[in-house]
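Student: Here it is, the structure, as structure tokens.
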Amino acid sequence: VALFNMAEESSPVADWYRGKSVFITGATGYMGKVMVEKLLYSCSGVKKIYILIRNKRGRTPQQRIQDMWQLPMFERLRNSQPKAINKIITLCGDVSTEGLGLTQTDIDLLVDVDVVFHMAATLKLEAKLKDAVEQNTAGTARVIDVCKKIKNLKAFIHFSTAFCSADIDVFEERVYENKDNPRNVICVTNWLSSDILDVATPSIIAPHPNTYTYSKRLAETLVAEQLDTMPVCIVRPSIVIPAVDEPLPGWVDSLNGPIGLLVGAGKGVIRSMHCKGENRGQFIPVDFAINASIIIAYLVGTAKEKPKEVPVYNMTQDAVLPIRYKEILDIGRSGMYANPFEMQVWYPDGDIRSSKFIHNLYSIFFHWLPAILIDLLMFICGQKRFMLRIQKKIYDGLELLEFFSIREWIFKSDKFIGLSDLITEVDRRKFPTTDFMKYPLEEYFVNALLGTRQYCLKEDLSSLPRCRRKQKVMYVLHIFCVYGFYFYIFYLLSCYFTPIKRIFDGAKSGLSFIPGVN
């Protein structure tokens with residue numbers, strides 16, 4: 001009944017999209033798919049959705065869309081609007097190609113587009129400078145050049161990142177000046193060889209920690225330069241996490257960011273991370289970020305006056321629901337124990353450590369040594385070794401994340417938080433953006449865990465009872481091995497230090513069942 005009544009009530013945001021065409025880059029990414037689904041489901045009057053998509057792994061753009069349409073996240077749309085897929089028009093191309101690789105026929109189709117969501121980007125923190133600039137900066141320049149041909153563009157929404165100015169402690173909702181000219185950087189990366197660029201990268205991107213944040217900040221400058229010629233706007237999602245409600249509670253299909261850490265810790269592979277638990281995290285559920293972006297495009301498109309500055313929105317929960325990394329870990333750990341993953345290699349008892357020295361010690365004993373042991377056993381059994389290779393990737397990934405996990409920023413997000421005040425009650429229900437306390441955190445984390453389990457790892461929920469039994473066995477082995485290890489170290493020390501030897505001798509009688517004590 002509630003859903004029927006909502007459908008009957010007028011939604012100014014949905015009404016504004018009626019009859020309009022939308023162009024989306026990055027539509028097959030995590031956020032892009034949620035954007036496509038939400039527009040088709042909640043703005044059912046949308047005319048067409050053009051998406052830039054390339055051939056991949058032998059699949060044509062049309063085949064990839066058919067594959068995407070069969071995902072669980074599109075189930076409610078398949079049931080309510082089975083012909084909605086016909087509104088999706090594929091344009092074969094790529095942001096790394098001049099003119100986006102579009103034909104003249106494709107460009108003629110885009111001339112009548114009303115709204116553009118530029119979401120395509122490489123998210124790899126470890127990307128080489130040439131690749132990051134090519135995708136994130138030059139790619140944005142190419143999208144802008146194509147969109148300049150649109151006759152009556154009403155909103156151009158550029159997706160950046162809340163961490164694009166990681167060198168600034170208090171990050172406001174505005175575009176910051178850049179020390180480098182984006183187009184000059186594009187020319188330099190095209191001109192210099194990869195070897196020379198690799199050597200020069202640290203000095204070029206400083207004070208940025210990686211090429212991702214550097215290239216995204218350059219892209220913001222390119223967008224800001226178009227203020228006088230295009231209705232541009234910049235949205236900055238923080239760390240994107242699984243959906244609260246839409247299209248499914250806990251929906252996630254990407255192992256980027258915190259989900260990769262969650263899986264690594266849940267499988268018992270990641271046992272330690274250098275992170276300050278007292279620092280506040282900056283997160284945004286994917287459905288809230290997409291809802292906000294849809295509303296922002298509506299606000300840009302209906303604005304009566306041209307803004308004097310580029311509108312910028314920092315998307316983060318911190319102003320409504322501040323939460324520290326330690327709290328996240330405690331809540332997540334309890335949910336993980338109750339809903340374990342399949343194929344755990346060890347009991348998931350990892351922890352965060354504020355001391356780099358302590359973290360390194362734990363890494364040696366609980367990351368590297370077990371990996372060496374497992375690979376040795378695989379070698380003895382004549383099997384392919386893999387654990388050291390995996391551990392190297394984990395080490396590199398944790399090193400890249402360390403810049404963010406040990407620092408704390410203050411994000412001003414007044415514009416983002418104030419979005420709900422600019423829309424009607426109907427649209428607040430239809431496009432929630434800041435309802436972070438709708439569910440208890442414990443319930444949200446369980447949904448996120450189960451979503452990761454089902455949609456990312458393809459692990460059926462029917463295996464949970466078996467995994468819980470296996471985890472209990474893992475716990476017993478964990479206790480035996482860990483405390484046995486500590487006891488053995490204590491025993492070795494007692495051989496050289498008299499005070500410890502006296503303590504050990506006092507306990508020896510009660511531990512005579514352990515080989516080597518007597």
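The values are calculated or read from the model by the stated rules, or taken from the named source; none is laboratory data. It should be emphasised that the depicted structure is a prediction, and the values quoted were computed from it without experimental measurement. Quick reminder, even Gly has a Cβ in these numbers, built from the backbone with ideal geometry, and neighbours come from all protein chains shown. All accessible areas refer to the heavy atoms of the entire protein, side chains included, with ligands and DNA or RNA removed. Shrake-Rupley method; radii C 1.70, N 1.55, O 1.52, S 1.80 Å.
Student: If you go through region 243-259 one residue at a time, how many are open to solvent by less than 30 Å² (accessible area, probe 1.4 Å), under 9 Å from the mean Cα position of the chain (by Cα) and of a type outside the set (A, V, I, L, M, F, W, C)?
Tutor: Total meeting the criteria: 1.
Student: For region 215-261, how many residues meet the condition of being of a type outside the set (Val, Ile, Thr) and in a loop (DSSP other than H, G, I, E, B)?
Tutor: 21
Student: Could you please find all residues in region 395-449 being of a type in the set (A, V, I, L, M, F, W, C), over 22 Å from the mean Cα position of the chain (by Cα) and farther than 27 Å from Gly250 by Cβ?
Tutor: Once the filter is applied, which keeps residues that are of a type in the set (A, V, I, L, M, F, W, C), over 22 Å from the mean Cα position of the chain (by Cα) and farther than 27 Å from Gly250 by Cβ, region 395-449 yields only Leu422.
Student: For the condition open to solvent by less than 40 Å² (accessible area, probe 1.4 Å), of a type in the set (A, V, I, L, M) and in a loop (DSSP other than H, G, I, E, B), what is the one hit in Val34, Val13, Val46, Val22?
Tutor: Val46
Student: Select from region 209-239 the residues that are farther than 17 Å from Gly139 by Cβ and open to solvent by 30 Å² or more (accessible area, probe 1.4 Å) and write down the one among them that is modelled with the highest pLDDT.
Tutor: My answer is Pro231.
Student: Sticking with this one: Pick out, from region 304-397, the helices (runs of 4 or more DSSP H) lying fully within it that include 1 or more residues that are in contact (Cβ under 8 Å) with a residue 40 or more places away in the chain and in contact with a Gly (Cβ under 7 Å, 6 or more places away or on another chain).
Tutor: Result: 325-338.
Student: While we're on this one: Quick test of your reading of the structure: Ser334 fulfils all but one of (1) buried (at least 16 other Cβ atoms within 10 Å of the Cβ); (2) small (Gly, Ala, Ser); (3) farther than 20 Å from Phe436 by Cα. Name the failing condition by number.
Tutor: Unmet for Ser334, out of (1) buried (at least 16 other Cβ atoms within 10 Å of the Cβ); (2) small (Gly, Ala, Ser); (3) farther than 20 Å from Phe436 by Cα: (1).
Student: In region 465-500, how many are at pLDDT below 80 and open to solvent by less than 60 Å² (accessible area, probe 1.4 Å)?
Tutor: Of the residues in region 465-500, 5 are at pLDDT below 80 and open to solvent by less than 60 Å² (accessible area, probe 1.4 Å).
Student: Can you name every residue in region 413-440 that is in contact (Cβ under 8 Å) with a residue 60 or more places away in the chain, more than 17 Å from Glu246 (Cα to Cα) and open to solvent by 50 Å² or more (accessible area, probe 1.4 Å)?
Tutor: Those that are in contact (Cβ under 8 Å) with a residue 60 or more places away in the chain, more than 17 Å from Glu246 (Cα to Cα) and open to solvent by 50 Å² or more (accessible area, probe 1.4 Å): Asp414, Lys415, Leu422, Thr424.
Student: Can you tell me which residue in region 117-142 is most open to solvent (accessible area, probe 1.4 Å), limited to those that are of a type in the set (A, V, I, L, M, F, W, C) and more than 13 Å from Ser160 (Cβ to Cβ)?
Tutor: For region 117-142, the residue satisfying everything is Leu125.
Student: Quick one: how many residues across region 196-238 are of a type outside the set (D, E, K, R) and in contact with a Cys (Cβ under 6 Å, 6 or more places away or on another chain)?
Tutor: Selection size over region 196-238: 1.
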